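Below is one structure, written out as structure tokens, with a few remarks after it.
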Amino acid sequence: MSYALITGASKGIGKEIAICLAKRKYNLLLIARTEKLLKELAKELQDKYQVEVFYNAIDLSSADAAEDIIIWCNKGGYDISVLVNNAGYGLHGAFEKLSLDDQLNMMWLNMSTLVQFTHLTLPLLKRHSGKSHILNIASTAAYQAVPYLATYSATKSFVLSFSRALRHEMMGTNVSVTCLSPGGTDTNFMERAGMEGSRKIMKQAKKFNMLPDEVAEFGVKAMLHNKAEVIPGFGNKVGAYSSKILPKAIVEGIAKGIYSPE
């Protein structure tokens, strides 16, 4: 069986996607920053599912990370048939008060790293003898502007738009492109984004949060069925659809009320 390359694979949705693919007997190439977590996950998946798992601990926000990983893949001679661009994070707060360096770092990881991995991996995906897949992880925030998640939501809009365009470019090849846009998910996203101090946001999250394994299974199934873009969860679908039909001022005003720091 061929290999699936997964960025941000050590925890959250990325980890669960790795599990989903291991269950389907894909060999895995796990990429993230924390070596200890990668090593533990690799051993767990090898022992439980009898698949080959290799990992590479690297800071994916560094400019050369994607190129270094592809060199590593080429040296290993891995037959890659799946690329999962999952690495990313958010920052919550007023744009002018958030660190500019932190926001630029987030933009690089959420957009530039994803584009680099996609561009460098495409020749490997096309070289695979069967069907190949790209799964890009966006967010329901991609469907609207989100005050106090201004830069994050903009990066995810980029991921969604890029995925739509690339899917059309890949038609007629062996590569399909799927974009998964989760809503609130029970991961460390809110802690990393600095939301855990907001009672409003945490209360909202408890109502709608999905489990990461549910989101991962939904995304993997959609990818393997060559779906274009998918949103897990009925409430998330309704929210994304509402953002299309309601006036932007109303949708963004509601978002402002939810995400405004207390």
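The values are calculated or read from the model by the stated rules, or taken from the named source; none is laboratory data. What you see is a predicted model; the values in this text were computed from it and never measured. For neighbour counting, all protein chains shown are included, and Cβ atoms are generated from backbone atoms with ideal geometry for every residue, glycine included.
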> Only one of (1) more than 17 Å from residue 12 (Cβ to Cβ); (2) surrounded by 16 or more Cβ atoms within 10 Å (Cβ to Cβ); (3) modelled with pLDDT under 95; (4) among the hydrophobic types (A, V, I, L, M, F, W, C) fails for residue 230. Which number is that?
Replying inline: (3)
> Looking at the range 242-250, is at least one residue closer than 21 Å to residue 147 by Cβ, of a type in the set (D, E, K, R) and modelled with pLDDT under 85?
Replying inline: yes
> What about residue 105, is it within 30 Å of residue 249 (Cα to Cα), among the polar types (S, T, N, Q) and outside any helix (DSSP H, G or I)?
Replying inline: no
>> Give all pairs with beta carbons closer than 6 Å in which a residue from the range 109-131 that is under 17 Å from residue 31 (Cα atoms) meets a residue that is of a type in the set (Phe, Trp, Tyr) and assigned to a loop (DSSP other than H, G, I, E, B); count only pairs at least 6 apart in sequence or on separate chains.
In response: none
> Does any residue of the range 149-172 turn out to be of a type in the set (Ser, Thr, Tyr) and assigned to a loop (DSSP other than H, G, I, E, B)?
Replying inline: no
> Which of the following residues is of a type in the set (A, V, I, L, M), in contact with a strand residue (DSSP E or B) (Cβ under 7 Å, 6 or more places away or on another chain) and at pLDDT 95 or above: 125, 104?
Replying inline: 125
>> Step by step: first the residues of the range 11-51, then only those that are in contact (Cβ under 8 Å) with a residue 40 or more places away in the chain and more than 23 Å from residue 114 (Cβ to Cβ), then the one that is surrounded by the most Cβ atoms within 10 Å (Cβ to Cβ). Which residue is that?
In response: 51
> Among the residues of the range 134-146, is any at pLDDT below 95, surrounded by fewer than 17 Cβ atoms within 10 Å (Cβ to Cβ), over 19 Å from residue 169 (Cβ atoms) and touching an Asp or Glu at 6+ places or on another chain (Cβ under 9 Å)?
Replying inline: yes
> What single numbered condition from (1) buried (at least 19 other Cβ atoms within 10 Å of the Cβ); (2) of a type outside the set (Gly, Ala, Ser); (3) out of contact with any His (no Cβ under 9 Å at 6 or more places or on another chain) fails to hold for residue 177?
Replying inline: (3)
> Among the residues of the range 213-226, which ones are buried (at least 18 other Cβ atoms within 10 Å of the Cβ) and not aliphatic (A, V, I, L, M)?
Replying inline: 218, 219
> When you go through 46, 50 one by one, which is the residue that is more than 17 Å from the chain's Cα centre (by Cα) and either modelled with pLDDT under 95 or at positive phi (or both)?
Replying inline: 50
>> Out of the residues in the range 77-107 meeting the condition of being of a type in the set (Gly, Ala, Ser) and surrounded by 12 or more Cβ atoms within 10 Å (Cβ to Cβ), tell me which one is nearest to residue 124 (Cα to Cα).
In response: 81
